[in-house]
Each structure stands twice: as structure tokens, then as C-alpha cells.
Amino acid sequence: MTIENFEQTISPYIPLPMCIVNGKGKVEKANAYIDQVFIYDDIETADFFALTGVKTAQLREAAEKNIRIVIERNGKIFRLLVTIEGEDEELLFFVLFDDITKLESIKGKYKAEKTCVCRINIDNYDELPANTAPEQRTKVMTSVETEIRKWATEIEGSLSRLHDDEYIIYFPQYKLSAMIEKNFDVLNKVRSIETEIDFPMSLSIGLGCNGQTLPECQDFANSALDLALGRGGDQVVIKNDSDVSYYGGKTQSFEKNNKGKSRVIAHGLKALIRQSKKVFIMGHKNSDMDAFGSSLGIYRLCRLCDREAYIVISTVNNSLQLIYNQAEESEQYNFIDGVKAKELIDEDCLIIVVDTHRISYVDTGELLEMTSNLAVIDHHRRAEDFIKDATLTYIESYASSTAELVTEILQYSGQKKMLVKLEAEALLAGMTIDTNRFAVKTGVRTFEAAAYLRRSGADTTEVKRFFQTDMDAFKTRAKCIAAAKFYDDGVATSVCEGENLDAQVINSQVADELLNIRGIKASFVAGRNQFGTTVISARSLGEVNVQVIMEKLGGGGHLTTAGAQVSESPEEVIEKVREIVRK
């Protein structure tokens, strides 16, 4: 259809603003109603992209694939309805502007008034009876509940108490933006309550929003609360129909005095092992000392349960080579790679994942789909892509390391003497490396686990030998420390040159060293590994939450210890980190 034919036969009968755009993106014609969209007197020959921000490629996509294009102009909202006539030089786009301002207003009002669900858990409630007198306990809980009720009133919510340590609030969604703007100040208010005990009170909050129904919002809230608790508490997790976001998480996970859960997990894990034909023990990709030591500990438990077990480890880096060779030479362990594991596994087998709970991080992810019998043991704060539907899940972010959790499981497995010397040393090495030689994230239970390993034959001198590096790695580490940059906000950064086999270990060691400098609150070190992937290690003294920063890069970890692996160059990653810290 030509422009002339259109003007004569159709245009007079269309009561909507419209224009015709040629293949070069120029406006050929516009009808009399176009002034409802644009304030200009004459838009003919004008560039359509300059007028609307919409390219001709988007117009074609809207016409051919029914893609929705919405623009705001002249105080109104319009949806673009597009048809195409002609080809090549004769190509024309017929664009109608459908005023949907009222519809969008109604949709916005509907969305703003939708009900959100908020689940609140008092993190340290179970620890109060053992640490406070009844009168003080009542006073503390009254103060906590007062802050929660004040907050519920502020967000126009309906509050109900589900249990002594748990509440639920229903509130309108339009209050959510103000809550985010205040960064959920209820967390700080509860944390500042005077308790006269050696730990602060804190809340874990799960918010469910944007569900199709109220039960769906409640499901979102339940999942969000599980994430908040799994990440150590003292934070808010918001889950909706499309994504998850995190707020808070400023305190270290509080170490629990009660070891009852360890006993239950130990008995449950033994039962799972005995019910299985074979057991496959698997850590994360590019396994470290914590994952390897935990794997050896679980392997021993499997052998004591008289079950055939395999340790799945596809690559062995330089930092593990010494202890791995020693374990292999002993001929006591079945080491296999992911390819061999896929040949041996079947539905009756059990997979025990250690030192990670993220599907994307496990050594051989395909194995998880080959059996429904899964157990997960980890100490990292829970991430969104955690392994779901596991038969047994033991994720405790308060623990220094997975080796600490495995050691406690072994202690309560009913055998007085069960570990051989190498296994005890491997577990102690994992604990040592994850605590930076017992300097960070170390609690009473960490030392108790270390003492058990020492009694089981672990030689601390031998453990230290596992951490020795060659001269090249030592020089690389020294150059990386010398190249560090320091900023006024207490942040130190550095980039390790070249590609290093032990990039993960070197970066973490440099990050630890930089924290020894007076005035440094957090350190970030990036460098490429042998595969060309950039590995970044982040450390802090607690004032900066490096876990949240690393999560924005696709990684994770703890408040004071975290890391990530990305495809960008080390320099680009460090600049990204600086930008995140500045914000």
C-alpha cells in the first residue's frame, strides 16, 4: 500500500495518533491526532528514534513477533501497534499510538495494593535460656517484640505471632519501597537492644511479593526466610516471581552451643549411607583443602558403615598435590573423575556433596540428576541456586569450615577411634586454611573439633607442610602484595599478573596479608587461573560485608571471607568491585 492510498482510504477513519516511518527511520507522514503524542508542530522528516527512542529493528520485531513496545510522551503512556508494508527501499512501518495511560494507572494501583507476606524469625531465641535469667529473658523478648510491633504499624501491616520466636506480617506492596529506602532499619533497632549477654539479638526476615495469589506470596516468604536463615541470619531476603534480593547481614553468624543437631545429622547420615549400594563423595570445582579433607572424613565414615565409596575429584591443583599424592599412594581411597563416576552411578547410589551447596559449583553437576539420594554438608551462607530436594541438608554458616562440621559428625558416629592419621591431618588442614590459621571465624566448637583431630593423630607440623608453596608461587605472591593499591575508605586491591595454577590459593593468601596492614578494613585480589578464568578473593575484618559484594559478581561466601570466578579481566573485575564498594 502506498502512502497516498493509505491517506485516502484508511487514515481518515483511524481515531488514534499514527505515523508512517520509512526503512531509514524517518517519519514520512503523520495524522492530525499525532499532537496527542508529541508537542512538536511538524514531525514529518524527523528521525523516529530521536522522537521515541525506538529503532526500526524494534518496530520490525514488534510487527513480526508481537513484541510489546511502550513509550511515555507528553505526560501519557502509549503502546505502539506496528504493521509493515513493502520491502527494501519501499519498506514502510505504520505505527499506531494506543493511549494506555488509564490502564497502566489501574495496573500500578493494583500492584501497589497487592498484599505482601513477611515472615520474621528471632535468630538467637534458643540461646537465651542458657545465657540469661528468666527476668532478663522476659525483658529482652519484650523489647524485641516492641520493635517488631512498631515496625508492623509503620508499614501498615497486620501482625500475628506464630510461635515464641516467629511472627508473620501482611502488608501492602506500596510500603516496600520505603522499607528498602530505610534499609530495613528494624534490623539495627533489634540489634541495638541491650541484652547483658555476649551476643546481640537479631532477626531473619523473609518477604514474599508479586505472587499471583496470597498462598504463592506465602511460599515466596517461606523460601526467603529459609535463605535468610541459611545465610547466617540478621538479614532480609525478598523473593518475588522473578528474582531474589538481600539486605543486611552485617554480623557474623552466631555459634550455637547446643550440639544436638550434629548428633541428629550424624545418625541420619549413617542411616542414609547404610541404605545405599554405593556412595559418591563430591566437593566443588577446583577443590581446596577444606573440600578434600571433608571428603576423606566422609569416606572413612562410609567405610566404617561397610559401604563402597568413591571420592569424585576431576582436577587436582598444586595446592592439593602433596596431600593428594600421599592419599593416593596409601591405596586406601577410591579417587575417580566425573566421567568414571557417571559410568558407575545409578539410582540406588548416594551422593554426598561437601563444602558447597550450589548446583553450579559442584565438581560434576550431571551426577546430581542421576540419583534422588542426596546429602549436602556445607558452611557457606546459602545462595539462591542451592541444591533443592536433598534428602539430608546440613548447612551451618556459623561453622569455620566444612571440616569442622564433618569432624563433629565423626565424633557422634559411635566410634571412639575411627580416623587414620592422614584423614585427621587433612581435616585439620581444611580447618586451618578456612580460618586463616584460627585467626578468623573461629569459635569454641572450632577448637573442640581441632582438639579431637589432634587426639586422633593429626601432626600440626605435617599440616603446615601441606601449605608449603614453590619459589615461583612465593615470588608471585610477593609481587602481588607489592603491587597493591590502597584507598581512603580502608579498601586494598591488587592484581596478580599472568595465569597461575594456584590462582585461588595465591589470591586468598595475598588478601589475608593485606588485612594485616593498619587501617585496611577489606581487601580484594584478582588474578587468572590456568584456564584463563579470573579468580577473585575478598577478605574483611567484619565492617565490610564482602559476601554481598561477591554475590553481585556471581560468587558468594561469608561476611568476612568470600570469592568469585568471572570471565572479565582482573583489572575490569577490580574496577567493578571499587564501584560496588563506592555505592
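Observations on the model:
- Each label was represented as a point 7 Å from its Cα along the Cα-to-Cβ direction; for Gln321 and Asp489 these points are 3.9 nm apart.
- The stretch 326-454: C-alpha gyration tensor shape, a/c 1.5 cut-off, then a/b vs b/c: oblate
- Helix 289-304 and the long axis of the chain differ in direction by around 60°, with both axes built from C-alpha atoms.
- 3J(HN,Hα) along the stretch 105-122, derived from phi through the Karplus expression 6.51 cos²θ - 1.76 cosθ + 1.60 where θ = phi - 60°, amounts to 5, 5, 4, x, 5, 4, 5, 5, 9, 5, 8, 9, 10, 10, 9, 10, 10, 7 Hz, with x in place of Gly and Pro.
- Cβ-Cβ FRET estimate between Glu331 and Ser245, R0 fixed at 41 Å, reported to 0.05: 0.25
- Note that the stretch 545-552 has calculated 3J(HN,Hα) couplings of 8, 6, 4, 4, 5, 5, 5, 5 Hz, one per residue in order, obtained from phi through the Karplus relation 6.51 cos²θ - 1.76 cosθ + 1.60 (θ = phi - 60°); glycine and proline are x.
- Taking the chain and dividing mean pair separation by its residue count, relative contact order in percent (alpha carbons under 8 Å, at least six apart): 8 percent
- For Thr533, Thr476, order by how many other beta-carbon atoms lie within 10 Å, fewest first: Thr533, Thr476
- Here r is the Cβ-Cβ distance between Arg454 and Arg263 and R0 is 22 Å; the resulting FRET efficiency, rounded to 0.05, is 0.50.
- Residue by residue, the stretch 389-400 carries 3J(HN,Hα) couplings of 6, 6, 5, 9, 10, 10, 10, 10, 6, 6, 5, 5 Hz when phi is fed to the Karplus relation 6.51 cos²θ - 1.76 cosθ + 1.60 (θ = phi - 60°); x denotes Gly or Pro.
- Matching label, semi-axes √(5λ) of the Cα gyration tensor in Å computed from the structure shown, candidates (i) 46, 31, 20; (ii) 53, 31, 25; (iii) 44, 27, 21: (ii)
- The packing ranking of peptides 57-70, 297-310, highest mean first, is 297-310, 57-70, where packing means the average number of other beta carbon atoms within 10 angstrom of each residue.
- Size of electric dipole in the chain: Cβ of Lys, Arg +1 and of Asp, Glu -1, about Cα centre, debye, nearest 20: 2060 debye
- Per-residue [θ]222 nm for the chain (sum of -39500 (n - 2.57) over DSSP H runs n ≥ 4, rounded to 500): -11500 deg cm²/dmol
- Shape call, the stretch 429-516: gyration tensor on alpha carbons, a/c limit 1.5: oblate
- Overall form of the stretch 471-582 per C-alpha gyration tensor (a/c, 1.5; a/b vs b/c): oblate
- Exposure proxy ranking, count of Cβ atoms within 10 Å, fewest first, for Phe292, Phe38: Phe38, Phe292
- Applying the criteria of a DSSP loop state and at most 12 other Cβ atoms within 10 Å to the trypsin sites (Lys or Arg not before Pro) of the stretch 359-426 yields Lys388, Lys416, Lys417.
- P(r) tail for the stretch 3-107: Cα pairs beyond 15 Å make up 61% of the total.
- Database remark: amide H of Ala309 closer than 5 angstrom to the amide H of Val279 (H placed geometrically; neighbours at sequence offset of 5 or more, or on other chains; Pro and chain starts carry no H).
- Dipole of the stretch 103-161 computed with +1 at Lys/Arg Cβ and -1 at Asp/Glu Cβ about the Cα centre; of Ile120, Ala133, Val144, farthest Cα towards the positive end is Ile120.
- Helix 444-455 axis versus longest C-alpha principal axis of the chain: approximately 40°, rounded to the nearest ten.
- Ordering Thr393, Thr402 by the number of other Cβ atoms within 10 Å of each residue's own Cβ, fewest first, gives Thr393, Thr402.
Values in this text are rule-based calculations from the coordinates and carry no lab data. These numbers were taken from a predicted model, which means no experiment stands behind them. Every residue, glycine as well, gets a Cβ built from its backbone with ideal geometry; the counts of neighbours run over all protein chains shown.
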